[in-house]
Structures are given as structure tokens and as C-alpha cells.
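Here's the structure, in C-alpha cells; my notes come after.
The values are calculated or read from the model by the stated rules, or taken from the named source; none is laboratory data. The structure displayed is predicted, hence computed values, not measured ones. Counting neighbours? That spans all protein chains shown, and the Cβs are built from the backbone with ideal geometry, glycine included. Surface areas here come from the heavy atoms of the whole protein model, side chains and all, with no ligands, DNA or RNA. Shrake-Rupley method; radii C 1.70, N 1.55, O 1.52, S 1.80 Å.
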Number of protein chains: 2
Amino acid sequence: MTVLDRLSLNQATVKRLGVTEAVDLCVRHDIRAIGLWREPVAETGLAGAAAAVRAAGLHVSSLCRGGFFTHADPEARKAAVEDNKSAIAEAAALGTGTLVLVSGGLVPGCRDIGLARSMIADAIGELVPVAQAHGVRLAIEALHPMFAADRCVITRLGEALDLALQFPADAVGVVVDTYHIWWDASLLPDIARAGERIASYQVCDWILPLPADPLLGRGHVGDGHIDFPPITAAVAAAGYTGPIEVEIFNESVWSAPPDETAKKLRATFPQAF
Amino acid sequence: MTVLDRLSLNQATVKRLGVTEAVDLCVRHDIRAIGLWREPVAETGLAGAAAAVRAAGLHVSSLCRGGFFTHADPEARKAAVEDNKSAIAEAAALGTGTLVLVSGGLVPGCRDIGLARSMIADAIGELVPVAQAHGVRLAIEALHPMFAADRCVITRLGEALDLALQFPADAVGVVVDTYHIWWDASLLPDIARAGERIASYQVCDWILPLPADPLLGRGHVGDGHIDFPPITAAVAAAGYTGPIEVEIFNESVWSAPPDETAKKLRATFPQAF
């Protein structure tokens, strides 16, 4: 097994492709795993998407994403939990044991970040038995603090982990995503502390300047400022041996020919080690 | 004493004004304290700037800023330390006991964030006796993680505090700046832990969307997403009773008539309590 055997293409990196096209790309470039997104899966149809990855012999490293639990309206909160139950079932149907959660920002109209955090904990608690019944682990992702107000109030790996530790290990884990947490002085100790709770390892680079839309500023591994090898080593030392997803939100990457992107992933991926 | 007696105008909020104009603005609007910046102080001349604030009876709540310690070239590191010694002397001449430090980003050409952090600790260690000799406290500011690569690898109050605690309390403290650290789940406990190390409390709001230049996205207190009262209460409970600086980097604030800005500061400031 070489390091390249651990490469997984997160579908967001080739956003213009549907599921079957992304699967074909993986096959052409000997990429053994894929991280899927719910929206393109729904476009293809769940059964068709599941059949496509199965036929190609691809491992599905994760489904992105559940979450967005923070709503002022109780009905909206309830609907979010129901939608996440569907996402868990979709993950199981696709053959992945990992559903990534982007938990949600501040409750609209309310600055109480503690309230948002408690809504997230409550929602995850409701989902735990459903996740266990489907054999799917909820993977709490800490997002970069620049997204705290509008997308995710969980901003550090340590915080994601403290939340996950409130629930059984088979039901709730964490995502280690370099883009969001590379700057944290507690990162390496928090990875060690996470241990078996690490459900997903995602990589892409921090590049400057930030674009007008800060969601789209991610770079290929090696193009930016993140020191990957110590993070990868810490993740390995913590016991994680699974796929490593490359997930890049970047308009210029999306505009590139997907085969060029796949080649670049294979070329740059070893730099993460 | 009312809450407004604690309002300090950080000069960056009225960036187009020189020192004497900013001082006059404070006097016109009964703002009792000012946070100065080195560049406009140098334009006015150190002695002239010191005389202007003294004649107006203004308290100088801080001088911004020292720091930028992270350089690959040892001569550049040495020059940075020397420049910070000058900044300490300037702070003393201006009558303030607080020099704010923006410590510097990654060392150019090097992704080792630990190296950058150790350079910062080394530089502060060299400055401690100079700070003590001048009766000036170095106030380590944690910057928002979106600035970690290029401006400041110290990204959390807790990290700034752990660094400050390596040095005597009279020489090194920390800045609590709401814009940079509001998102941190450990913020309130870290403020409590900081106690007497809190050398400066700065406020402005987190507004969305982020502008093209993420340095300039700050808002007036109350215009954004930060929940100020619990932070201010924690800072007070930690024992900090000094001025509260409003520091807003925002092109539209800079373009506004300064008297309107000063009025708005007085009108919005009580929302921080």
C-alpha cells in the first residue's frame, strides 16, 4: 500500500461533475475512494449513485453533509433533525460510515453563541440512536472561525471533540480538516486526544489573498501555508488509518479540466505526508 | 463615573486624522482617552504628539503597535527587536503604559508555525527588561485566525496568555479584542484566567460579508454578530477597570465625517456593557 492508496477525491473538488462523472474520473486516475455530496447524489438518484460507486469498486469515504441545526423557529429545528435523519440513511445506502456535519452558525437574530452551541448538542443527541441504527458515524467538523457567525459556531478541533465526547464513540466523531484548524496552537495535542474519534481527515491548503467569497479560497496541497506532515503524522499517531480526502473549494480549480485536477491531486498528495 | 467615561478612541477608527485632529475630536465629544498609532505619531513628531494629548488632558490608553518579530534573516529579527525598543520608548514618552504587539505571521518561506511562535517568545524575552525600565507593558494581541499566515500566528486569547505568563506580569500582558476572539468557546474562561494580565480591552463588531480586504471588515459596536455584554462582564470580573478602546478598520467608517463617527461611538458604546 502506497500513500496514494489513501487518496480520496471529495466531490466538491470537481464541483461541475455529477456523481457518475466523478466516479469515472476516480477510476481513470486510480483514485480508490470518493467523498460524496448530498446534492449531486440527489440529482443522480440515491440508488443510481450507490450503484455507480459500487460498480466502480470505489470506497465512499464520507457523505457531505448534515448539520445546520441552529434555527430560531422550533419547527425549523425539527425539520433540520429530520433532514439529518435522511442524510444518515443516505450515507448508509451509499455504503459510507461517515456523515460530515457542518453544525450551523449563530441562531438568526440572536447573538448568543452558547444558545447555538446547545442547539447543536441537542440535535446531535437526537440523531445518535438513528446513526447507531444505520451504522453511520456523525463527524463533527470544526470550521474556520471566519465562518462562525454564518456557518458553524464549532471553531476548533478541541471544541468539536469535547462535543463528540458527550456521545458514544460509535455514533459521533470529528473531522480533522487542515484548512479550518491549521492555525490552532492546540491542534497537535487535540488530534492526539481525539484518537479513535477521528472519523475523517480532509486536506487542502490555506492560500492568500482570501478571495471575495471566503468560502472559495482553498488551494491544492503544497500551494499555500499549511505544514501538512506534522498534522498527518499526528493523525496517524492517533490511530487513524483511513482515506484522506482532498476537498478544495476554489473557482479556478472548478474551472480546470477535471482530469488535470485529478492528476494534480495525485502529484501533490504525497506532500501531505 | 458613567460607562462613557471608559470610552477610548483608537486612532485607527479615524484613520484620516492626524494626532492633533484626533485629539481635538476627542475633546469636542468628551472622549477621555485615545489609543495612538506610531505612524501618525511620527508624522506629528513624538514630542508634539505627547504635548497635544497632555494639553488636552487625554489619557493615552495604548500605543499601537509593536511586534512583527518573525523574519528568516537574523538581521531582520534584530532590527525588529530594536524597532520595538523604540516603540517602548515612544509609549513611555506619550504617557501610556501599554504597547500593543501584533506578533507576526509565518516566517517567510517557512511553514513551521512553531518556529514563528518561538521567534516571538524570544523577541518578547529580549524586550522585557526594556519594557520594565520604561514602565511600559507589552500587550500581546491574539489576531483572528484568518490572519495567522501573514500577520499573527498568535490566534487565541489563551495562547497569548500562555505566552505572557512566561514573563513577569508588570512587563507582559494581553489584549482582549472582541473582533479577533469572539468565536472562541474558551473565551470566557480564558478571560477569567487572564486576570491582571489584561492590559487592554478593544471592541468592534464582526460584520458580514467579509470585504475584499479582510483587514477592513470591522463594524461599529451593535452592527454585527458579537455578544458584547458577557465579554465585557468577564473582563470586568477579571479585574480590568481601564479604558475600552473602539478600534474599527473599515473604509466606510474612514470615509464618514469624523464628528459623525465620534457621535456614533458615544451612541453605540453603552451596548458593549
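Would you compute, for the Cα atoms of the stretch A:140-265, the largest minus smallest coordinate along each principal axis and list the three values in descending order, in whole Å?
Here the spans come out as 42, 32, 26 Å, largest first.
In debye to the nearest 20, how big a dipole does the stretch B:32-97 give about its Cα centre with +1 on each Lys and Arg Cβ and -1 on each Asp and Glu Cβ?
On the way: 7 positive and 7 negative charges, 62 e Å.
Its charge dipole is roughly 300 debye.
Could you name every residue in the stretch B:91-126 that has 50 Å² or more less accessible surface in the full protein assembly than in its own chain alone (probe 1.4 Å, ligands and nucleic acids excluded)?
Going by heavy-atom accessible area, the residues of the stretch B:91-126 that drop by at least 50 Å² are B:ARG111.
Could you give the size of the charge dipole of the stretch B:1-158 about its Cα centre, using +1 on the Cβ of each K and R and -1 on the Cβ of each D and E, expressed in debye and rounded to the nearest 20? All intermediate terms of the calculation are to be shown ahead of the outcome.
Values: 16 positive and 16 negative charges, 71 e Å.
Dipole about the Cα centre, nearest 20: 340 debye.
List, by residue number, every residue in the stretch A:149-165 with a reduction of 40 Å² or greater in accessible area between the chain on its own and the complete protein assembly, 1.4 Å probe.
Residues of the stretch A:149-165 that lose at least 40 Å² of accessible area once the other chains are added: A:ALA149, A:ARG156.
In terms of solvent-accessible area of protein heavy atoms at a 1.4 angstrom probe, what is the ranking of B:SER255, A:SER86, highest value first? Before the final figure, lay out each step's value.
Values: B:SER255 80, A:SER86 55 Å².
From most exposed to least exposed: B:SER255, A:SER86.
Protein chains only, probe 1.4 Å: how do A:GLU90, B:GLU82 rank by accessible area, largest first?
Values: A:GLU90 40, B:GLU82 90 Å².
Largest accessible area first, the residues go B:GLU82, A:GLU90.
Work out the length of the dipole vector of the protein assembly as shown about its Cα centre, built from +1 on the beta-carbon of each Lys and Arg and -1 on the beta-carbon of each Asp and Glu, and round it to the nearest 20 debye. Don't skip to the end; give the middle numbers.
Working: 44 positive and 64 negative charges, 46 e Å.
Using Cβ point charges on Lys, Arg, Asp and Glu, the protein assembly as shown gives about 220 debye.
What's the percent breakdown of Cα-Cα distances in the protein assembly as shown across 10 Å bins, shortest bin first?
The distribution over the protein assembly as shown is 4, 18, 26, 24, 15, 9, 3, 0, 0, given as percents.
Using the membrane-span-like helix rule (whole DSSP H runs, Cα extent along the own axis of at least 20 Å, mean Kyte-Doolittle hydropathy at least -0.5), which helices of chain B qualify? Kindly include the intermediate steps, with their values, before the conclusion.
Working: long enough: B:74-94 (30 Å, -0.25); B:113-134 (31 Å, 0.86).
Passing helices, by number: B:74-94, B:113-134.
Using a 1.4 Å probe on the protein heavy atoms, what percent of the accessible area of chain B belongs to carbon and sulfur?
On the way: 5360 of 9670 Å².
Summing carbon and sulfur atoms, their accessible area is 55 percent of the total for chain B.
Starting at the first residue of the stretch A:195-207, write each ³J(HN,Hα) from the Karplus equation 6.51 cos²θ - 1.76 cosθ + 1.60 with θ = phi - 60°, in whole Hz, x for Gly and Pro.
Residue by residue, the stretch A:195-207 yields x, 5, 6, 6, 9, 7, 10, 10, 10, 6, 10, 8, 10 Hz.
Per residue and in Å³, how big is the convex hull formed by the alpha-carbon atoms of the stretch B:10-89? Write down the numbers at each step before the final one.
Working: hull volume 7.3 nm³, N = 80.
Given the Cα convex hull of the stretch B:10-89, per-residue volume reads 91 Å³.
Just from its helices, what would the mean residue ellipticity at 222 nm be for the protein assembly as shown, if runs of 4 or more DSSP H residues each count -39500 (n - 2.57) and the sum is divided by every residue, rounded to the nearest 500 deg cm²/dmol?
-13000 deg cm²/dmol
If the label for B:LEU216 sits 7 angstrom from Cα along the Cα-to-Cβ line, what are its distances to the same label in every other copy, in nm to one decimal, shortest first?
Sorted ascending, the copy-to-copy spacings read 2.1 nm.
If you count, for every residue in A:185-193, the Cβ atoms of partner chains within 10 Å of its Cβ, what is the mean?
On the way: counts 13, 5, 1, 1, 0, 0, 0, 0, 0.
Mean shielding by partner chains, rounded to a whole number: 2.
Label-to-label distances across copies for A:THR2, with labels 7 Å out along Cα→Cβ, in nm, shortest first?
7.3
Quick one: buried accessible area between B and A, total over both chains, 1.4 angstrom probe, nearest 100 Å²? Present the calculation step by step, with values, prior to reporting the outcome.
Working: alone 10840 and 10840 Å², together 19330 Å².
In total, this chain pair buries about 2300 Å².
How large is the translational diffusion coefficient of the stretch B:60-173 in µm² per second when you combine the Kirkwood radius over alpha carbon pairs with Stokes-Einstein at 10 °C and 1.306 mPa s?
Approximately 116 µm²/s, per Stokes-Einstein.
Give me the percent of DSSP beta bridges within the protein assembly as shown that run antiparallel, rounded to the nearest 5. Working shown, then result.
Values: 4 of 66 bridges.
For the protein assembly as shown, the DSSP antiparallel bridge percentage is about 5.
Need the C-alpha centroid separation for the stretch B:105-179 versus the stretch A:114-144, integer Å.
Answer, in whole Å: 36.
If only Cα atoms are counted, what is the Rg of chain B, and what is its Dmax, in Å?
17.4, 51
Shortest first and in nm to one decimal, what separations exist between B:LYS263 and its copies in the other chains, measuring from label points 7 Å along the Cα-to-beta-carbon line?
6.3
With every protein chain present, what is the per residue accessible area of the stretch A:4-161 (1.4 Å probe, Å²)? Please report the intermediate quantities before stating the final value.
Details: 5480 Å² over 158 residues.
On a per-residue basis, the stretch A:4-161 sits at 35 Å².
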